[in-house]
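Have a look at the structure below, then the notes.
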Amino acid sequence: MIAMSGFAPRVKAVLGPTNTGKTHLAIERLAAHASGIIGFPLRLLARENYDRLVRLKGAKHVALITGEEKIVPPEARWYSCTVEAMPLDRAAEFVAVDEIQLCADPDRGHVFTDRLLHARGLVETMFLGAETIRPLLARLVPGVQIETRPRLSQLHHAGAARLTKLPPRSAVVAFSAAEVYAIAEAIRRRRGGCAVVMGRLSPRTRNAQVALYQDKEVDFLVATDAIGMGLNMDVDHVAFAGLSKHDGHRIRRLLPAEVAQIAGRAGRGMRDGTFGTTAACRPMEDALAAAVEAHAFDPLTQLCWRNSELDFSGIDALLGSLLAPSPAPGLVRGNDASDLETLAALAREPEIRRLATGRARLRRLWEACQIPDFRKLADETHTRLCARIFGHVADGGTVPTDWLAAQIAVLARPEGDIDTLMQRLAGIRVSAYIAARPDWVRDAPTWQARAREVEDLLSDALHERLLARFVDRRATMLIRRLDGGAGEVLLSAVTRRGEVVVEGHGVGRLEGFTFVPDPDTGGESRKLVLRAARRALAEEMPRRVTAAEAAADAAFAFAPDHRIAWDGFPIARLRRGATALRPQVEMLDSEFLDGAQRERLRLRVQTWLDGTIAVGLAPLYGAIAQAADDAALRGPLHRLADGLGLVVDEGATGADAALRRKLKPLGVTAGRFALFLPALLKPRAATLRARLWALWEGTAVPVPEPPAGTVALEPPGAWPAGFAVAMGWLPAGPVLLRLDVAERVAAELAHLTRPGEALLPVGLASRLGVRGAWVPAVLRVLGYRVLPAEVPAPVQYGPPAPARLVPLRRPRETDASRPPTARAGRDGRTVPPRPLPLPSGPFAALAALLR
C-alpha cells in the first residue's frame, strides 16, 4: 500500500491476550474509514466478519476474498479476507491483520511477516495479536504505536476433571480427529452429546455446529486447536485432552502461549473463565498454569520470512529467489510451503521446463503452484493437478469446462460417513479455488456458484452426520431438567399406545405398570431415562391404578405363562390356590407401585378372576349349589369340583341308578367311563379348564384345544401327561376320543347288543371320526369286539355273512388297566387323577383285537 502524499500514515499495534476486544476495535476502525481491508487467519473468520460488515454497510459495499470464495461487488469498499488473499494491489485507507503473532508459525508465518513488512493503509494500519511479538514488531516496524489491552475477565486454573464431571458450557480440546471423535462419543454416552468444531469443517458446517452449542441444544463442545483463533462462544471452561500435538512434521509439546490462546476461549466479556485437563491428559504443571493465568510468556525471538520479490527470468531463478536468505536479524526461513514444494517438483519435469519460458508463463506456473493442497493426500495428486492447470493456462487459455464440471459433479454426493464427507469438502474447496479465478475459468461466477452449491450440500450432510453421531437431544434435555432438582416439574404424558413422552422426547413405553425404556437406549443413557421416568411417572402411576380399578372386565384377559393382562400388557401372575377352582393373584413387580397400590390392584384382578371362573364354569357352580342340601349328591359334586368338572375312576363310574337319576337334572352325566358335565367339554369352558389344570399341575398352559367339532384326534406330543384325560379325551386305541361322544356311542351299542350279537352299524367310523381300519381297536376300548365278515366256502352258496358286534365280558382289572383314581396330596387336598396310560408299541392294536 502507498501512503498519501504529504501525510504519514499511522501504524498501530493492538496487543494483548484473548478477550480484549481487539477484533471488535479493528472492525470499528475499518467501518470508520472510507475504505478498508482486514485479513484473518481463517476462512471462517473472514466469512463471519464479512457477514458482520454486510450488516453495517450493506452487501453492495462489502467484499469477501478467500482462496475459495470471491464476492466482489462493483461498488465494494470494505474487504474481509484471509491473510493470504488480501488484495495488496488495491489502495485502501485502512488495513488490518489479525493474529499477527502467527508470523512465527513455521508453515504460514512467511505470509504474515510479508503483511507485517509491506501491507499499509493510506491512513491507518493496525496489527492485532499477542504481546509476545512486541519486541520484534517494534524493531521491524519503525514508528509503530503499540497499545496493550488487558483481558476483560480473569482466567483461573481448575485442575483436572473427568469427562463426567466437567461443568456445562465446557469446551474439550483435542489435537487429532480420532481423539475428537472418541471424546465426542464418550460425552454423548454420558452427557447427552456435544458440538464438534475442527479446522477441516466448512464455514457452513462450523457455523451450524457452533449454533448448536450457542443455542444451548448441547452443553459441550469438542474441538481441535482451531477453536483458539477468534471463535467467540459462550464457553465457561476449557479442558485440554492433551498438551502435545503433531504440527505436520513432528509431535511436540504445546507452547505456553499456544495453551493460553486456546484456554482464553473460556470466559467472554466480563465473565471469568476456567481451564484445566481431562480424559487421559496428565495434570497441567503449576508453572504452566500460572503463566496462563498471568498471561506471562517469553517474547518471540524470530519470525518466519520468505522473499516476496521474485525473479521470473527463469524457473531456476524463481526457485533461487524463493530460497533467498533473510535480509535482517530475527527473520528466518520456515518450513517449505506446499507451493514451493510443488514448484520444485514440477521444475524437474522436462515438459514443464520447456513450457515455462518467459515471465508471463512463469507467473502463471507460480500461480498454479499456489493452489492450496486442502486434500493432503501425501502423493503426487496435488502436483499433477497443478501441472494440469498450468498446461491449460500457460498461454493465456482457460480450464476446459467439461473437466471442471466433472471434477465438481463427482464430489456432489451427500452420502457417506463423516471422514468421507470431509474429504469431499476438501476436494470441492480445491475446485472452488480454481473456479474463483476469472483468468482461468470462463464464466467464473457460474462455476463459483456451482461449487458453492455443492459445498453447501456436503456441509449440510456433514452437519447431519455429526448430529446423528454425537448428539442425543433427548439425553441433553433430560440431564438439564433432572439436574434442576426435585422441584423441577417434568412435562410428561403417556399416549394411548403407552408411549412415555418427557419434555417432548419419547423415553420408552408403559406396559401395564412396568416401564420399558427405549430399546435403542443403553449404558449411561439408560440410567438417565430411568431417572426421568421415575420423576415423570410419579403422578401418572396413581392415575393408572385408579383407571385399572374402574376398568370394565373386558379390559382384563389371560396371558401366556399364567399371567393376567390389562389393556394387553401383563400386570399379574396366577398362583396355585387351595383348590384348582380358586387360584390366587400376585401382582408383577413394579418399582412405580407402593404396597397399598399393589393390594388395590390385586383385589381388582382377583375379583375379575373369580368372576371369570364362575361364569366360564357356571354349570359346575350351579350343580354344586343345587346339591348343597342333598348328602348323596354333595360327595360326587365335591369330587367334580376338585376335578374341574370331570372325574375318571371306578367310584365315579359305579353310580347306581338312583344316584344317576339325581345327577341328571344337575347336568351331570354318570357314564361308563367318567363322571362329568358335558357342558364343560365345550370349547370356551374347556379352554378355561385347561388353564386351571395347568396351573394346578405346575406346568405350562398346553397348546389350544382342537377346533370345535373335533371328535377324535391322534395324541398330540406337546400335551403334558394327564392333560388329555382331564380335558375329556378318552384313550381309545390309536386315538383320543371325545368323552361325550364315547359315552353316547357306547350307550347306543349297549342297547343294540342287549339280545346278544348284533350287526355292526353302518357309518360308525364316521361318527367316531376315525379311519375304518381303526374301528375295531376303538370299539375294543368301548367294550365291544368286531367279528369280521365271513366269506362262504367254495361249496357254499349265498352272500357273505356281515361284520358283527359282540359285547365283551368286562375283564379283570389289573394295576395296569385299572382306571386312575383321585389321590390325596401331601397337604391333605384332593389331587386330580393321573391320566390313563395310552396304548403304545406296534402290537397295541393287535392286542386289542385278540383280547
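The values are calculated or read from the model by the stated rules, or taken from the named source; none is laboratory data. Small disclaimer: the values here were computed from a predicted structure and weren't measured. All Cβ positions, even for glycine, are placed from backbone atoms using ideal geometry, and neighbour counts span all protein chains on display. Surface areas here come from the heavy atoms of the whole protein model, side chains and all, with no ligands, DNA or RNA. Shrake-Rupley method; radii C 1.70, N 1.55, O 1.52, S 1.80 Å.
Here are the numbers:
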read-out: The lone exception for Gly717 - which of (1) among the small types (Gly, Ala, Ser); (2) in contact with a helix residue (DSSP H, G or I) (Cβ under 8 Å, 6 or more places away or on another chain); (3) part of a loop (DSSP other than H, G, I, E, B) it fails; value: (2)
read-out: Number of positions in segment 637-652 that are at pLDDT below 90 and over 60 Å from the mean Cα position of the chain (by Cα); value: 4
read-out: Count of residues meeting criterion [among the aliphatic types (A, V, I, L, M), modelled with pLDDT under 95 and part of a helix (DSSP H, G or I)] in segment 41-55; value: 3
read-out: Filtered residues of segment 698-717 (kept if surrounded by fewer than 17 Cβ atoms within 10 Å (Cβ to Cβ) and closer than 23 Å to Ala557 by Cβ); value: Gly698, Thr699, Ala700, Val703, Pro704, Pro707, Ala708
read-out: From Gly728, Gly733, residue being over 27 Å from Pro560 (Cβ atoms), in contact (Cβ under 8 Å) with a residue 60 or more places away in the chain and surrounded by 20 or more Cβ atoms within 10 Å (Cβ to Cβ); value: Gly733
read-out: Residues located in segment 747-762, provided they are open to solvent by 80 Å² or more (accessible area, probe 1.4 Å) and under 13 Å from Ala803 (Cβ atoms); value: Glu757, Leu759, Val762
read-out: Test: residue in segment 288-305 that is within 30 Å of Arg465 (Cβ to Cβ), without any contact (Cβ under 8 Å) to a residue 60 or more places away in the chain and loosely packed, with under 15 Cβ neighbours inside 10 Å; value: no
read-out: Every pair of residues 6+ apart whose Cβ atoms lie under 9 Å, when the first sits in segment 110-128 and is under 21 Å from Arg149 (Cα atoms) and in contact (Cβ under 8 Å) with a residue 12 or more places away in the chain while the second is of a type in the set (Ser, Thr, Tyr) and not in a strand (DSSP E or B); value: Leu128/Thr23
read-out: Evaluation of Ala435 against (1) free of Cβ contacts under 8 Å to residues at least 40 places away in the same chain; (2) within 30 Å of Val196 (Cβ to Cβ); (3) open to solvent by 10 Å² or more (accessible area, probe 1.4 Å) (one fails), failing number; value: (3)
read-out: Qualifying positions in segment 552-581 - in contact (Cβ under 8 Å) with a residue 24 or more places away in the chain, among the charged types (D, E, K, R) and farther than 13 Å from Ala694 by Cα; value: Asp553, Asp567
read-out: Residue in segment 400-423 that is in contact with an Asp or Glu (Cβ under 8 Å, 6 or more places away or on another chain), surrounded by 15 or more Cβ atoms within 10 Å (Cβ to Cβ) and part of a helix (DSSP H, G or I) present; value: no
read-out: Tally of residues being crowded, with 19+ Cβ neighbours inside 10 Å and either part of a helix (DSSP H, G or I) or of a type in the set (Val, Ile, Thr) (or both) across segment 30-40; value: 3
read-out: Considering residues of segment 198-221 that are hydroxyl-bearing (Ser, Thr, Tyr) and touching a residue at least 40 places away in the same chain (Cβ under 8 Å) only, the residue surrounded by the fewest Cβ atoms within 10 Å (Cβ to Cβ); value: Ser202
read-out: Hey, Arg744 out of contact with any strand residue (DSSP E or B) (no Cβ under 7 Å at 6 or more places or on another chain), surrounded by fewer than 20 Cβ atoms within 10 Å (Cβ to Cβ), among the charged types (D, E, K, R) and closer than 26 Å to Ala801 by Cβ or not; value: no
read-out: Filtered residue count, segment 180-197, keeping only those that are of a type outside the set (Val, Ile, Thr), open to solvent by 10 Å² or more (accessible area, probe 1.4 Å) and in contact with a strand residue (DSSP E or B) (Cβ under 9 Å, 6 or more places away or on another chain); value: 3
read-out: Segment 710-725: number of residues that are in contact (Cβ under 8 Å) with a residue 24 or more places away in the chain and either in contact with a His (Cβ under 9 Å, 6 or more places away or on another chain) or not aliphatic (A, V, I, L, M) (or both); value: 5
read-out: Failed item, numbered, when Asp379 is tested on (1) under 20 Å from Asp460 (Cα atoms); (2) free of Cβ contacts under 8 Å to residues at least 24 places away in the same chain; (3) not in a helix (DSSP H, G or I); value: (1)
read-out: Subset of segment 64-97 [free of Cβ contacts under 8 Å to residues at least 24 places away in the same chain, in a strand (DSSP E or B) and either open to solvent by 10 Å² or more (accessible area, probe 1.4 Å) or touching a Leu at 6+ places or on another chain (Cβ under 6 Å) (or both)]; value: Ile65, Ile71
read-out: Cross-chain or 6+ apart pairs with Cβ under 8 Å, segment 34-45 first and under 22 Å from Met198 (Cβ atoms), then assigned to a strand (DSSP E or B) and open to solvent by 10 Å² or more (accessible area, probe 1.4 Å); value: Phe40/Thr82; Pro41/Thr82; Leu42/Thr82; Arg43/Thr82
read-out: Yes/no for Ala655 being modelled with pLDDT under 90 and either out of contact with any Lys or Arg (no Cβ under 6 Å at 6 or more places or on another chain) or outside any helix (DSSP H, G or I) (or both); value: yes
read-out: Elements of type strands (runs of 3 or more DSSP E) in segment 225-315, at least 2 residues being small (Gly, Ala, Ser) and touching a Gly at 6+ places or on another chain (Cβ under 6 Å); value: 273-278
read-out: Members of segment 317-358 found to be of a type in the set (S, T, N, Q), under 30 Å from Pro135 (Cα atoms) and assigned to a loop (DSSP other than H, G, I, E, B), listed by number; value: Ser326, Asn335
